[in-house]
Amino acid sequence: MRRPFYMFPTLLTLSAFSTSQTCAAFSACPSLARPKATSTTSLGSASSLPKSVKKPYVVERGDGSTGGGGLPMPKSADDELVRPKVGAEMPKGRPSWFRVPAPSQGPDSRYAQVKESLSELTLHTVCEEAQCPNIGECWNGGTGTIMLLGDTCTRGCMFCAVNTSAAPPPPDPFEPFKTADAVCSWGVDYIVLTSVDRDDIPDGGAGHFATTVQLLKEKKPEILVECLVSDFRGDLSSVEALSTSGLDVYAHNVETVERLQKFVRDPRAGYRQSLSTLEHAKKFKPGLYTKTSLMLGLGETDEEVIKTMKDLRAIDVDVVTFGQYLRPTENHLSVVEYVEPKKFDYFRRVGEELGFKYVASGPMVRSSYKAGEFYLEHMIKKERAEATG
């Protein structure tokens with residue numbers, strides 16, 4: 001059995017975390033267990049790679065058997081364009097900024113209380129499932145990210161460590177009620193609901209989300225609810241059902257830049273499909289806040305990241321977050337680069353100049369994170385107060 005992330009003592013040097021869903025990792029999409037790759041091709045530009053290790057480019061997902069992580073993209077005007085790969089050599093050493101304190105596990109700590117309430121109600125959190133490095137800070141702050149629709153995903157993204165199956169167990173029909181009870185017992189004012197992908201359910205689970213939001217609002221009308229959801233296979237009727245449920249923030253992660261989508265995400269996901277759901281949520285429910293997140297360190301260029309931000313602003317996305325991709329296991333994509341904090345700060349400034357209402361950007365930032373939730377809570381309340389005069 002894998003040792004839980006939060007059981008390591010005193011000070012943690014992070015060993016793994018895929019950014020989703022999410023705290024809510026960058027996404028709630030998990031990955032299929034794949035055989036360990038054998039390639040040890042070094043990362044680098046075309047000029048730094050011996051000709052003997054250059055392999056022909058194959059348009060397939062990075063499953064460790066074809067292509068080359070960190071190898072130049074073919075026929076490109078820019079020799080520095082690379083893509084990630086399972087089994088590729090990792091950057092040497094872990095930067096000093098990847099250290100967080102272990103959570104307080106005293107019997108009277110908020111961490112213990114949150115963990116106990118989740119266990120009693122048999123609820124899942126992406127904080128645990130995705131091995132989030134910020135679990136101590138968030139749970140000791142009395143909040144977590146609830147993962148609805150079970151803990152098993154129907155997709156197999158190459159960055160995520162959640163369980164996968166083509167036929168997961170059916171959702172618990174009482175889960176929305178359990179979730180509302182648990183969240184209201186925490187006494188929080190902002191909660192994030194997320195889920196695995198459920199392509200086996202006709203509406204992708206949108207109705208389940210909507211019921212949960214409605215029950216939360218009935219129990220505590222003033223609570224702000226963020227839903228970090230899948231792309232619902234591009235089904236806009238599911239987007240509509242959720243966007244009109246009473247939630248405050250509609251979040252869906254594009255995960256990476258357009259060029260790298262096919263190497264990072266499940267084939268059923270896609271950049272344009274993701275953008276279409278974010279755009280439709282805002283159009284169908286004016287005033288709804290929309291949010292997305294990207295992982296960095298997968299071979300993207302600065303220009304690609306900025307182009308992505310411009311695409312997001314073109315559909316009026318309000319909030320974007322950037323965090324470092326960390327490999328969950330050796331069966332997942334290798335890290336191409338550990339992005340320096342100053343680069344994250346650069347993207348934050350660019351995002352603010354482009355007009356995002358809020359940009360969270362840093363190595364340890366995840367799509368749902370206590371510090372970011374605190375800012376969003378106050379921003380939303382302030383803007384709504386100003387709108388009502």
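The values are calculated or read from the model by the stated rules, or taken from the named source; none is laboratory data. All figures in this text were calculated on a predicted structure; none of them were measured in a lab. Ideal geometry is used to build each Cβ from the backbone, glycine not excepted, and the neighbour counts take in all protein chains shown. When the accessible area is computed, the model is the full protein with side chains, heavy atoms only, and any ligands, DNA or RNA have been set aside. Shrake-Rupley method; radii C 1.70, N 1.55, O 1.52, S 1.80 Å.
Against the numbered list (1) at pLDDT below 95; (2) more than 26 Å from Met90 (Cα to Cα); (3) among the aliphatic types (A, V, I, L, M), Val320 comes up short only at (1).
If I filter the range 166-211 down to residues being at positive phi and at pLDDT 95 or above, which single residue comes out as surrounded by the fewest Cβ atoms within 10 Å (Cβ to Cβ)? For the range 166-211, the residue satisfying everything is Gly205. Of the candidates Lys262, Lys217, the single residue that is of a type in the set (D, E, K, R), open to solvent by 20 Å² or more (accessible area, probe 1.4 Å) and touching a Gly at 6+ places or on another chain (Cβ under 6 Å) is Lys217. Can we say Thr244 is open to solvent by less than 20 Å² (accessible area, probe 1.4 Å) and hydroxyl-bearing (Ser, Thr, Tyr)? Spelling it out, it is not the case that Thr244 is open to solvent by less than 20 Å² (accessible area, probe 1.4 Å) and hydroxyl-bearing (Ser, Thr, Tyr).
Would you check which residues across the range 154-165 are in contact with a strand residue (DSSP E or B) (Cβ under 6 Å, 6 or more places away or on another chain) and either open to solvent by less than 10 Å² (accessible area, probe 1.4 Å) or of a type in the set (A, V, I, L, M, F, W, C) (or both) and list them?
Restricting attention to the range 154-165, the residues satisfying the condition of being in contact with a strand residue (DSSP E or B) (Cβ under 6 Å, 6 or more places away or on another chain) are 156, 158-159, 162-165.
Across the range 154-165, the qualifying residues are Gly156, Met158, Phe159, Val162.
Evaluating Thr388 against the criteria (1) under 22 Å from Gly93 (Cα atoms); (2) out of contact with any strand residue (DSSP E or B) (no Cβ under 6 Å at 6 or more places or on another chain) leaves one unmet condition, (1).
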